[in-house]
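Trainee: Got a structure for you, questions after.
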Amino acid sequence: MNLLIVGGAGFIGSNFIRHILKKYPTYRVINLDKLTYAGNLNNLKDIEGNANYQFIKGDIADERTVKKVFRLNKIDAVINYAAETHVDRSILDPSAFIKTDILGTYNLLEGIKEYKIAKYIQVSTDEVYGSIEKGKFTEESPFKPNSPYSASKAGGDLLCRACVKTYGLPIIVTHACNCYGPYQYPEKLIPLFITNIIENKKVPLYGEGQNIREWLYVLDHGNATDFILHKGKVGEVYNIGSGVEKQNLEITHFILDELGKDEAMIEKIKDRPAHDFRYALDCTKLKRLGWQSEYDFPSALRETIRWYLANDWWWKPLKSGGYLEYYKKQYQR
Ligand SMILES: NC(=O)c1ccc[n+]([C@@H]2O[C@H](COP(=O)([O-])OP(=O)(O)OC[C@H]3O[C@@H](n4cnc5c(N)ncnc54)[C@H](O)[C@@H]3O)[C@@H](O)[C@H]2O)c1
């Protein structure tokens, strides 16, 4: 199979490419990525010499780039990971989110329509459903996005829905909960807190840290996407979750304990505007198809902490320069 992975130099996409090349030695992977601040070829250093792997630098918001990639390559399936993904950045400046998550998705959908691609997976988030106090979101739950990030992701997902209904395009949309694991840019809660503590810096916790997220190991997200690529039904939507719900404060304590520090390292900061209180996914549909998560939370989070401890060559350069300016702006809000 020839796979076009879009946004494969980011956190989840790079872990997925590694998984695919290892599990399916005959598959070919093209990785189309703009290399924004979050895209990093160091995420794929170990496979850059693989004969079945090719990297193309390009922006999906640019129609000509996307068309050229489809025209020049034989592609059986497309998986779109490309997005601007950080909620806090979307609050400071939503423009890139609109361009990539909506216009970029539109360009890819035009590509799969014109080149009659057999399968397209739109990788999306539980955040499009908004916040839920009790119970869980199913695939039928309405979209109620509360941040520019989740609104732009919802826009892309709705375009996918419209293309299924209007043109019968072979699209599957997935909504996953929060992921964690190696190669996650150290602005997201888990890698930010781990790397700050390793550097003996305080960890900025929003509000009282009561917000609840469902946490999925990135390799489980990869297994689920692999499963959906091969067994998922086109035109369908699938939630991908773990059932593991944790308050941000619990996650913080877990990381502090593992790294031998105490709560003196916590700096409570002003809460994020429109901060969703809780996300939780009902994944019955995917489980009925035969998928189940493989990794348990404490072991996978410990493994993640060990990875950041062993790989400061990867994250240290990311925590300098423009990164600091951005954080100053963010936490002074
Ligand atoms: N991280 C999570 O917890 C999570 C959970 C659910 C869903 N998702 C979704 O999964 C996908 C991947 O998330 P991630 O955490 O790996 O993101 P990430 O920010 O680590 O990576 C995004 C990648 O997309 C690339 N990209 C951005 N704009 C582009 C453009 N215009 N053209 C081409 N490439 C572009 C970046 O260079 C980067 O490599 C996103 O669509 C996100 O919404 C993420």
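Trainee: Amide H to amide H, which residues 5 or more places from residue 56 or on other chains are under 5 Å from it, using H placed in the peptide plane?
Mentor: 31, 32, 33
Trainee: Can you list which of the trypsin sites (Lys or Arg not before Pro) found in the range 41-101 are DSSP loop residues with at most 11 other C-beta atoms within 10 Å?
Mentor: 74
Trainee: Suppose R0 equals 56 Å; then what is the FRET efficiency for residue 45 and residue 162 from their Cβ-Cβ distance, rounded to the nearest 0.05?
Mentor: 0.90
Trainee: Tell me the volume per residue, in Å³, of the convex hull enclosing the alpha carbons of the range 184-314.
Mentor: Working: hull volume 16.2 nm³, N = 131.
Dividing the Cα hull volume of the range 184-314 by its residues yields 124 Å³.
Trainee: Something else: For residue 276, what charge total do you get from the other residues with a beta carbon under 10 Å from its beta carbon, if Lys and Arg give +1 and Asp and Glu give -1?
Mentor: Working: positive: 144, 213, 272, 278; negative: 126, 127.
Counting the neighbours of residue 276, the net charge comes to +2.
Trainee: Can you give the alpha-carbon Rg of the range 252-326 over 2.2 N^0.38 Å, where N counts its residues? Don't jump to the answer; show the numbers that get you there.
Mentor: Working: Rg = 17.5 Å, N = 75, 2.2 N^0.38 = 11.3 Å.
That ratio works out to 1.54.
Trainee: What is the set of long-range amide H partners of residue 2 at a cut-off below 5 Å, with H atoms built 1.01 Å from backbone N?
Mentor: 28, 76, 77
Trainee: I'd like the Karplus ³J(HN,Hα) series for the range 143-153: coefficients 6.51, -1.76, 1.60, θ = phi - 60°, whole numbers in Hz, and an x wherever there's a Gly or Pro.
Mentor: 7, 9, x, 10, 10, x, 4, 5, 5, 6, 5
Trainee: At q = 0.12, 0.13 Å⁻¹, what is the log10 ratio I(q)/I(0) for the range 1-126, with the Debye formula run over Cα points and no solvent?
Mentor: Results for the range 1-126 at q = 0.12, 0.13 Å⁻¹ read -0.41, -0.48.
Trainee: For the pair residue 247 and residue 285, how long in nm is the line joining their label points, each one 7 Å along Cα→Cβ?
Mentor: With each label placed 7 Å out from Cα toward Cβ, I get 3.2 nm.
Trainee: To the nearest 500 deg cm²/dmol, what mean residue ellipticity at 222 nm is calculated for the chain from DSSP H runs of n ≥ 4 alone, each contributing -39,500 (n - 2.57), summed and divided by the residues? Let's see the in-between values first.
Mentor: Numbers: 12 runs with 128 residues, N = 333.
That comes out to -11500 deg cm²/dmol.
Trainee: Moving to a separate point now. Could you grab the relative contact order for the chain? Cα pairs under 8 Å, six or more apart, rounded to a whole percent.
Mentor: Worked out over the chain, it gives 17 percent.
Trainee: Using a 1.4 angstrom probe, figure out how much accessible area the chain has per residue, in square angstrom, rounded to the nearest whole. All intermediate terms of the calculation are to be shown ahead of the outcome.
Mentor: On the way: 14390 Å² over 333 residues.
With all protein chains present, the chain gives 43 Å² per residue.
Trainee: Here's something else I'd like to know. Translational D (Stokes-Einstein, µm²/s) of the chain at 10 °C and 1.306 mPa s when Rh comes from the Kirkwood sum over C-alpha pairs? Don't jump to the answer; show the numbers that get you there.
Mentor: On the way: Rh = 20.2 Å.
D, rounded to a whole number, is 79 µm²/s.
Trainee: From the backbone phi of the range 163-174, what are the Karplus-calculated ³J(HN,Hα) couplings (6.51 cos²θ - 1.76 cosθ + 1.60, θ = phi - 60°) in whole Hz, Gly and Pro given as x?
Mentor: Per-residue couplings from phi come out as 6, 5, 5, 7, 10, x, 5, x, 10, 10, 10, 10 Hz.
Trainee: How big is the charge dipole of the chain about its Cα centre, in debye rounded to the nearest 20, if each Lys and Arg gets +1 on its Cβ and each Asp and Glu gets -1 on its Cβ?
Mentor: Charge dipole of the chain: 900 debye, to the nearest 20.
Trainee: Sticking with this one: In nm, give the distance between the simple-model label positions of residue 52 and residue 302, each being 7 Å from the Cα along the Cα-to-Cβ direction.
Mentor: About 3.3 nm separates the two model spin labels.
Trainee: Still on this structure, I have one more. For the range 33-89, what mean projected area does the convex hull of the alpha carbons give, in nm²?
Mentor: Projected over every direction and averaged, the Cα hull of the range 33-89 covers 5.0 nm².
Trainee: Around residue 203, which amide H atoms from residues at least 5 apart in sequence, or from another chain, sit under 5 Å from its own amide H, with H modelled in the peptide plane?
Mentor: Correct list: 266, 267.
Trainee: Roughly speaking, what is the centre-to-centre gap between the range 1-26 and the range 80-154 when only Cα atoms are used, to the nearest Å?
Mentor: Using only Cα atoms to place each centre, the spacing works out to 20 Å.
The values are calculated or read from the model by the stated rules, or taken from the named source; none is laboratory data. If you're wondering where the values come from, they're calculated on a predicted model, not measured in any experiment. Virtual Cβ from ideal backbone geometry, glycine too; neighbours counted across all protein chains shown. For accessibility, only protein heavy atoms count, side chains too; no ligands or nucleic acids. Shrake-Rupley method; radii C 1.70, N 1.55, O 1.52, S 1.80 Å.
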